[in-house]
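Enquirer: For reference, the structure I am asking about is given below.
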Amino acid sequence: MSPTLQTRRQRPRPSDVGPVLSVAHLVRMGQWRSAGVALACAGLFMSAASLYSLHQSMRHALVMAAHSLAFAAEPAIRFRDLEALRELAEQLAEREQLAWVNVVDAQGQRLLKVERPGQTPFDGLARQVADLFMPQVVTAAVQGGRAGSGGLGEVQLRSDGRALLDELSLLLLALLGCVAVTALVVLVVSRRLTAVIVQPLRAMVELTRAVRISRSFERRAQATPVQELNALADDFNALLVALQRQQRRVAARHNDLRRSNESLRHASLHDALTGLPNRSHLFAHLAEVFERCQRQGVQAAVLFIDVDRFKQVNDTLGHAVGDALLVELAHRLQSAVRESDFVARHGGDEFLAVLFPVGDEAEVRLCVDRLRRALVQPLRLDNGQTLPMSVSIGTALFPAQGRSVDELVRSADAAMYRDKVRSSALQPRGTSPVKPLPPRGPGLMPDPIGDLDDN
């Protein structure tokens, strides 16, 4: 198994790793959890400290109220003035927000009890809070006025919880305010962290997607205030640079391969010496022209062109001159035909011209005359000598003289040989159209080559 397949098979799926969450969600969730834990711990400790301090403060206030009543009620208890004692107890209970006041004598018998009943549901809640946080009864002994005398009695009292409930309400409001401020701070910080961390990550994700889809390796990741994200952006930009270079190398190699393929294709379809289409290209073009003729109902013509006495030129003047003759002949033939026509090298000193479309034989003869006129001027060699250019041309019309490529080419070839025989018959005997080049020495000028009689 290949490493790539193993990596793909071992890659965890979303169902294996649990729910997929965004970075922004994770940042917000982490901040809210941290803030919640911190706020809970701070609120717990502050509430405990506040409740303890409040309990002590309230108890001290009750103790002071009990001692104040014990001191003020000493004459009334001594003289059993219950009316004055009740008035003192009612005033203290109203001022100090007491639930009840109980006064007993030295023998433990109750002298007076003053109660303040709750009038609203809030008062009932305050009594329950007092029972929960301050269940103990606060007492103070009533001492005798003379030294050595014993105690006259005892004052007992309990708070109604109103002050305690008010303090607890303020504490709760303070906690709610802390929660609101904390939530606001967390929201602001979360947005700032999102802008600093999440937005660069989203930009990098969008950049990665754009690079993957459009192959735009020239794009780059932007710098961020976060060091780790900057390092990630630098590495990603370095990767993009490497990919861009690789893409350029691949594109250059692709262009080289394309040019090589085009060159090979051109070489496979064209003659290396003259640059004209070769035999394979010629036959493919003929098949296409025949199909168009049958589809459009028009005619085409094939001209079979053969260089006269080409072997004699090669034997007497050399193959270099023969090659120059073929190259010049190809150039003149191609410049003499129409743009819609096609000239190819059939092989050796044989050329074929495909005329498409043609109307009749008269148009073909006009084209043959135009080709012969293009060859009137002799070929001037590099040494200053001239070489006459003479060809034999045979024509064949499609579909009158052949309905296939082979038939039409054979018909044109036969017509070319008839033209060559006719030209040979017109050639005077004893003439040598081509003379060999004499050896060149110092001070010797090259002799001109004899003229080649035209057909």
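Enquirer: What length, rounded to one decimal in nm, is gained on full extension from D235 through to L44, with 0.36 nm per residue of separation minus their alpha-carbon distance?
Expert: On the way: separation 191, 0.36 × 191 = 68.76 nm, distance 4.73 nm.
Full extension from D235 to L44 adds 64.0 nm.
Enquirer: State to the nearest 20 debye the size of the charge dipole of the stretch 271-426 about its Cα centre, where the only charges are +1 on K and R beta carbons and -1 on D and E beta carbons.
Expert: Working: 18 positive and 21 negative charges, 52 e Å.
For this selection, approximately 260 debye.
Enquirer: Right, another one. Mind checking which of L355, P378, V327 is farthest towards the positive end of the stretch 325-392's charge dipole, using Cβ charges of +1 (Lys, Arg) and -1 (Asp, Glu) about the Cα centre?
Expert: After comparing all options, I get P378.
Enquirer: Whats the longest run of the chain with zero GluC sites (Glu not before Pro) that are DSSP loop and have at most 12 other Cβ atoms within 10 Å? Spell out each step's value before the answer.
Expert: Working: sites that count: E218, E339.
Here the longest run is 1-217.
Enquirer: Of the listed values (1) 1.00; (2) 0.96; (3) 1.70, identify the label whose number matches Rg/Rh (Cα atoms, Kirkwood Rh) calculated from this model.
Expert: (3)
Enquirer: Using unit Cβ charges (K, R positive; D, E negative) and no other charged atoms, how large, in debye to the nearest 20, is the dipole of the chain about its Cα centre?
Expert: Taking the Cα centre of the chain as origin, the dipole is about 600 debye.
Enquirer: Before anything else, pin down the relative contact order of the chain: Cα pairs under 8 Å, at least 6 apart, normalised by residue count, whole percent. Write down the numbers at each step before the final one.
Expert: Numbers: 534 pairs, mean separation 45.7, N = 455.
Value for the chain: 10 percent.
Enquirer: Something else about it: Can you compute the helix-only [θ] at 222 nm over the chain? Use -39500 (n - 2.57) per DSSP H run of at least 4 residues, normalise by all residues, nearest 500 deg cm²/dmol. Intermediate values should be presented prior to the final figure.
Expert: Numbers: 14 runs with 266 residues, N = 455.
That comes out to -20000 deg cm²/dmol.
Enquirer: Which order do C178, C367, C293 fall in if you start with the one that has the fewest other Cβ atoms within 10 Å? Display every interim value, and only then the final one.
Expert: Numbers: C178 14, C367 21, C293 17.
Exposure proxy ranking, most exposed first: C178, C293, C367.
Enquirer: Right, something else. Multiplying the sequence separation of E218 and R245 by 0.36 nm and subtracting their Cα-Cα distance, what value in nm do you get? Walk me through the intermediate numbers first.
Expert: Numbers: separation 27, 0.36 × 27 = 9.72 nm, distance 1.00 nm.
Taking 0.36 nm per residue and subtracting the Cα distance, the gain is 8.7 nm.
Enquirer: Going by how many other beta carbons lie within 10 Å of each one, how would you line up I197, I393, I213, I77, fewest first? Please report the intermediate quantities before stating the final value.
Expert: On the way: I197 18, I393 22, I213 8, I77 25.
So the residues, fewest neighbours to most, are I213, I197, I393, I77.
Enquirer: Under 20 Å from a point 7 Å along the Cα-to-Cβ line of A203: which residues of the stretch 218-243 have their amide N that close?
Expert: Under 20 Å, as judged by backbone N against the label point of A203, lie 218-241 of the stretch 218-243.
Enquirer: Neighbouring Cβ atoms within 10 Å as the yardstick, rank K113, K420 fewest first.
Expert: Least crowded to most crowded, the residues run K113, K420.
Enquirer: Set the Förster distance to 25 Å, then compute FRET efficiency between H331 and A287 from the Cβ-Cβ distance, nearest 0.05.
Expert: Efficiency, rounded to the nearest 0.05: 0.40.
Enquirer: Could you tell me which helices of the chain pass both thresholds, a Cα extent of 24 Å or more along their own axis and a mean Kyte-Doolittle hydropathy of at least 1.6, with helices taken as whole DSSP H runs?
Expert: Details: long enough: 23-72 (71 Å, 0.78); 162-193 (46 Å, 1.79); 227-269 (62 Å, -0.73); 279-296 (25 Å, -0.62); 319-336 (25 Å, 0.46); 405-426 (32 Å, -0.26).
Qualifying helices, which must be both long enough and hydrophobic enough, are 162-193.
Readers should treat all values here as calculations from the given coordinates under stated rules, not as data from a laboratory. Worth saying up front: this structure is predicted, and the values here are computed from it rather than measured. A quick note on method: Cβ atoms are made from the backbone with ideal geometry, for glycine too, and the neighbour counts reach across all protein chains shown.
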